[in-house]
Amino acid sequence: MQIPVYLDYAATTPVDPSVAEAMCACLTQNGIFGNPASRSHIYGWKAEEAVEIARGQVADLLNADPREIVWTSGATEANNLAIKGVATANKANGTHLITSLTEHKAVLDTFKYLEGEGFTVTYLKPDAAGRICAKAIEMAITPETSLVSIMAVNNEVGVINDIAAIGAVCRRKGVYFHVDAAQAVGKVAVDTAELPVDLLSMSAHKFYGPKGVGALFIKRQSHVPIAAQIHGGGHERGMRSGTLPTHQLVGIGLAAKMASDLLVGESARILALRNRFLQHLESLTGWQLNGSLEHRVAGNANISIAGVDGETLLLALRELAVSTGSACTSLSVEPSYVLKALGLTDELAHSSIRFSFGRYTTEEEVDFAAKTVAEVVLKLRKDPPLWQANKAKV
Ligand SMILES: *Cc1c(COP(=O)(O)O)cnc(C)c1O
């Protein structure tokens, strides 16, 4: 079988070759392999220097101070540290928390855990375009509210929230504001000096860095009380213990530097690819783009196609590596909770596909993908598989 075209950059990205090369130089005997916490010899000093250069590069991408960056194993851990850390450290001041129905599982499952620990959580519904409005946040805040957590960019539909407006409400009400920015960092400008955001999560593997490393930005000015979630050794000023993985941090640092340098040109190029893809699909009828087109990252096209079964569609599209709007649970195939929150029927949520384009996507790949989708859909509509036709009769 020919290997499928990779159109799943929102799930993860390959490591940029120059990033991989810099990482490899931090592993072996002749490289920077020392423990960054070793204070008594040059091996440690060199490693610490590499880690601090990386911290500066990540801080630059966010327009932050390097002292505002805490290394983590990824956005999942950064979200856990921010949400559990702030909720528990401020429990005496209130036990009410606010988030949205369309957050990543790393946020939702953390809030679910806190519900078991005596917190009350409000899950806001987005509008039909997939956005959370600042007014809804304002109305949900009570004197008991200690933290609001809203994502910058949704991972399924690519919709961008108005973080400035939501943050302004939180500021005015004196509530801490956390942003899961895993799908935003490296794709859109994120200026933490300008934005009224207290905590912000990011992950290297979403912008051509390695998996297993990320960071939590914690605004110094905000003096956020936050309880560490991982103990031992007191690394990262006690916020997150564990020997720092020099190669991983050199990787996220260089990926951040490249994202700063490339961001404007790259997002314009990717936007042109996305538009080209959607234009090709105009010859096809009975499909819709899910979520706002206007407030959307360049690389995302999430579409639902009427009149075809989702699973059949995916099977027929095996030449394309994409994601569907369905998740396999232990018992059944569940339609995407994000698309359901946007008001889609189960049927349309099931027949949805997320195409996500990135640094290495070419025009030829986009043309091939659009052509394949159109052909497959026409064929399935004309000639549905036998079992599907039988199901439709029942
Ligand atoms: C990928 C992603 C995460 C999880 O990040 P990891 O580094 O893989 O743990 C969290 N939130 C969003 C929005 C994501 O896209």
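The values are calculated or read from the model by the stated rules, or taken from the named source; none is laboratory data. Nothing here was measured: the structure is a model prediction, and the numbers come from that model. So basically every Cβ, Gly included, is an ideal-geometry build from the backbone, and we count neighbours across all protein chains shown. The protein model used for the area step is the full one, side chains on, heavy atoms only, and it has no ligands, DNA or RNA in it. Shrake-Rupley method; radii C 1.70, N 1.55, O 1.52, S 1.80 Å.
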Quiz item: GluC sites (Glu not before Pro), restricted to the stretch 114-220: which are DSSP loop and have at most 14 other Cβ atoms within 10 Å?
Solution: 117, 144, 194
Exercise. Give the relative contact order (percent, whole number) for the chain; include only Cα pairs under 8 Å separated by 6+ residues.
Key: 22 percent
Exercise. Enumerate the amide H contacts of residue 320 below 5 Å, restricted to partners 5 or more residues apart or on another chain; note that Pro and chain-start residues carry no placed amide H.
Key: 5
Exercise. Quick one: dipole size for the stretch 62-192, taken about the Cα centre, charges +1 on Lys/Arg Cβ and -1 on Asp/Glu Cβ, in debye to the nearest 20.
Key: 200 debye
Exercise. Hand me the trypsin sites (Lys or Arg not before Pro) from the stretch 256-339 located in a DSSP loop with no more than 16 other Cβ atoms within 10 Å, in residue order please.
Key: 318
Self-check item: Taking the stretch 6-119 and dividing mean pair separation by its residue count, relative contact order in percent (alpha carbons under 8 Å, at least six apart)
Solution: 13 percent
Quiz item: Hey, which aspartates and glutamates would be in cross-link range of residue 173, C-alpha to C-alpha under 12 Å, not counting anything within fewer than 8 residues on its own chain?
Solution: 138, 144
Quiz item: What dipole magnitude, in Debye to the nearest 20, does the chain give about its Cα centre under +1 on Lys/Arg Cβ and -1 on Asp/Glu Cβ?
Solution: 440 debye
Quiz item: So if R0 is 22 Å, what FRET efficiency would residue 295 and residue 189 give, r being the distance between their Cβ atoms, rounded to the nearest 0.05?
Solution: 0.95
Exercise. For residue 247, tell me the accessible area in Å² from a 1.4 Å probe, rounded to the nearest 10.
Key: 60 Å²
Quiz item: Roughly how many percent of the accessible protein surface of the chain is carbon and sulfur, given a 1.4 Å probe and a whole-percent answer?
Solution: 57 percent
Exercise. Set the Förster radius R0 to 51 Å, insert the Cβ-Cβ distance between residue 117 and residue 63 as r into 1/(1 + (r/R0)^6), and round the FRET efficiency to 0.05.
Key: 0.90
Quiz item: Across the stretch 30-37, in residue order, what do the Karplus-derived ³J(HN,Hα) couplings come to in whole Hz, using 6.51 cos²θ - 1.76 cosθ + 1.60 with θ = phi - 60° and x for Gly and Pro?
Solution: 8, x, 8, 9, x, 7, x, 8
Quiz item: Can you work out the FRET efficiency for the pair residue 264 and residue 162, with r the C-beta to C-beta distance and R0 = 30 Å, to the nearest 0.05?
Solution: 0.90
Quiz prompt | Helix 163-173 vs. the chain, principal-axis angle (Cα, 0 to 90°, nearest 10) | solution = 50 degrees
Quiz item: Pick from 291, 130, 44: which is most flexible by mean-square fluctuation in a GNM of the chain where alpha carbon atoms under 10 Å apart are linked?
Solution: 44
Quiz item: Label-point separation (nm) for residue 173 and residue 43, each offset 7 Å from Cα along Cα-to-Cβ?
Solution: 5.3 nm
Quiz prompt | Spherically averaged projected area of the stretch 17-259 from its Cα convex hull (nm²) | solution = 12.8 nm²
Quiz item: If 61, 317 are ordered by their accessible area, calculated over protein heavy atoms with a 1.4 Å probe, which sequence runs from highest to lowest?
Solution: 61, 317
Quiz item: Quick one: if you stick a label point 7 Å off each Cα along the C-beta vector at residue 109 and residue 280, how many nm between them?
Solution: 3.5 nm
Exercise. Along Cα→Cβ, 7 Å out, is where each label goes; now give me the distance between the ones at residue 312 and residue 223 in nm to one decimal.
Key: 6.4 nm
